[in-house]
Amino acid sequence: MLKKIFGSAVFGVEATTITVEVNVDSGIGYHLVGLPDNAIKESNYRIAAALQNNGYKIPGKKITINMAPADLRKEGSAYDLTLAIGILAASKQIQAEDLDRYLIMGELSLDGSLQPIRGALPIAVKAREEGFKGFILPVQNAKEAAIVDGLEVYGVDNIKQVIHYFDKGEALDRTVIDTRKEFYKNLDFPEHDFSDVKGQEGIKRCMEIAAAGGHNIILIGPPGAGKTMLAKRLPSILPPMTLHEALETTKIHSVVGRVQAHTGLMAQRPFRSPHHTISDVALVGGGAFPQPGEISLSHNGVLFLDELPEFKRGVLEVLRQPLEDREVTISRAKFTVTYPSSFMLVASMNPSPGGYFNDPNAPVTSSPAEMQRYLSKISGPLLDRIDIHIEVTPVPFEKLSDDRKGETSVDIRKRVTKAREIQTKRFKDSDAVHYNAQMNTKQIRKYCLLDDASKQLLKTAMERLNLSARAYDRILKVSRTIADLEGVDVVNGSHISEAIQYRSLDREGWLG
């Protein structure tokens, strides 16, 4: 007897429905076709033990299973439950009349209990699109899949529950989530707060500007000046994610199995901080069966690269295209996957290999040749994509021992959100641009009009400080954000002069 049952495969951040055809015929043998990987080929051992331990068995007949489309590679152990139910239905051990109305996925343990799967959210989105009535999956993934409304989601612990649902009509517990309520409930504040930071008022101001305009930022300073501490607090002042952004972010984390069972929808902006030994594939994504990398996992959030010159130069160079295009495309001979990667880059570095630069009392000093070699690891084109460069100086003892609390992240976030609202209104007609850092040359000319005094100020600064031509657009973008934070329509001299201060690495003597 032939039975059809449905599963799903995830490529990139999209799912493709897989039709599993199970045919039980006279003879002996177990044939699994349709480009399964080793994990799927091994499934017959797991299925046999799970069925045996629950009072059922794989029939001693000729079983042919085809996973269509047959030319698409299937991978992972998530098809165990699909295959097991298909075998039971095709061998008439259970009655399963409306099997074709459900999408069924799950990895089996030998006792019949279910292990979590990856990509539950994109699979649920596809199931709803294709008109399936319900999605049966492990209970650990149920909250994640239930984000999708218009689809009945059933989280199960054991294969027995699924068998009894189809064979005996025993009800399964449906998982229902009010997505909006869940999202706003989880908008509580992260653990790191700017009120913990002593001193560093100038750097806090920089962080506020970076958050308000979505600007990439690099912090340069000696060890212990507070660079990492400040970077970790940046997500706490970013505007709350929209529901659309939260769904997008959860989808990517779902593909790599990083969504926690109790949360479902991710409400906090991601903060990723990879170690400097990371490979380029781990950063941008890829592999034989492509997976999202760190830049996609930080989509709609912050990617923090601590000790930037310690990263391999090749790894840093692969960042250039995603920073510009806000997506990364991984090409293989048979297919191409595109992952979104719209993130804020926050980098930190010591000014020299020893960590101390221009400090006569420094315990470690570096020769000019050592410094040049150290700084040359960061290419000009990469720095070109970083809008704000700021030097971080150590905090004096008086500030450290001060008991007064600084301004909280909540207060800073209010100003940032207000500035972002102005930008949303400004770019409402553009699909590609949502905040100032994304402006192209045409938009810079339109929204950053300067009066003669401001133009003269910028000209003088560029000549005196030997600022590069690439700094020009960056200064205008940052000054537009400063004006937005003040709620001013026109960029003036004070905005320009503040933005000029945030281009340390363009000055001669740094990377010259």
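The values are calculated or read from the model by the stated rules, or taken from the named source; none is laboratory data. What you are looking at is a predicted structure, and each value in this text was computed from that prediction instead of being measured. Every residue, glycine as well, gets a Cβ built from its backbone with ideal geometry; the counts of neighbours run over all protein chains shown. Note: areas computed on protein heavy atoms with side chains; ligands, DNA, RNA excluded. Shrake-Rupley method; radii C 1.70, N 1.55, O 1.52, S 1.80 Å.
For R233, the accessible area of its heavy atoms, probed at 1.4 Å with every protein chain present, is near 20 square angstrom.
Relative to one another, the C-alpha centroids of region 1-58 and region 202-241 are positioned 50 Å apart.
The lysines whose alpha-carbon is closer than 16 Å to the alpha-carbon of K251, local same-chain residues fewer than 8 away aside, are K126, K143. Highest mean packing comes first when the peptides 115-127, 9-21 are listed by Cβ atoms within 10 Å, giving 115-127, 9-21.
Accessible surface of the chain, 1.4 Å probe: 50 percent of it comes from carbon and sulfur atoms. Put a dot 7 Å past the Cα of K399, heading toward its Cβ, do the same for N466, and the two dots end up 2.8 nm apart. The residues of region 87-158 present an accessible area of 36 Å² per residue when probed at 1.4 Å with all protein chains retained. In the full protein context, region 384-512 carries 56 Å² of accessible surface per residue, based on a 1.4 Å probe and ignoring ligands, DNA and RNA.
Whole angstrom only: what separates the Cα centroid of region 142-159 from the Cα centroid of region 447-479? Centre-to-centre (Cα) distance: 55 Å. K92: which lysines have alpha carbons under 18 Å from its alpha carbon, excluding same-chain residues fewer than 8 sequence positions away? Result set, ordered by chain and number: K3, K4, K57, K61, K62, K160, K168. For region 194-351, rounded, prolate or oblate, judged on the Cα gyration tensor with a ≥ b ≥ c (square roots of eigenvalues), a/c < 1.5 rounded, else prolate if a/b > b/c? Oblate. A simple packing score, the average count of other Cβ atoms within 10 Å per residue, orders the peptides 332-342, 285-295 as 285-295, 332-342, with the highest score first. When H244, H299, H164 are compared by accessible area of protein heavy atoms, the largest-first order is H244, H164, H299, using a 1.4 Å probe.
Using the Cβ-Cβ distance between T242 and A49 with R0 = 41 Å, the FRET efficiency computed as 1/(1 + (r/R0)^6) comes to roughly 0.35. With K and R counted +1 and D and E -1, the other residues having a Cβ less than 15 Å from that of F335 yield a net charge of +1. Here are some pairs, K181/K405; K227/K418; K418/K477; which of them have Cα atoms lying more than 24 Å apart in this structure? Check vs 24 Å cut-off fails for K181/K405; K227/K418. Spin-label pair A432-S504: with each label point 7 Å from Cα along the Cα-Cβ axis, the two points sit 3.3 nm from one another.
Here the extension length gained between L110 and T19 equals 30.3 nm, from 0.36 nm per residue of separation less the Cα-Cα distance. First measure r as the distance between the Cβ atoms of F289 and T179, then evaluate 1/(1 + (r/R0)^6) with R0 = 22 Å and state the FRET efficiency to the nearest 0.05. The calculated FRET efficiency here is 0.15. Entry note, the chain: the mean residue ellipticity at 222 nm calculated from DSSP H runs of n ≥ 4, each adding -39500 (n - 2.57), is -10000 deg cm²/dmol after division by the residues and rounding to the nearest 500.
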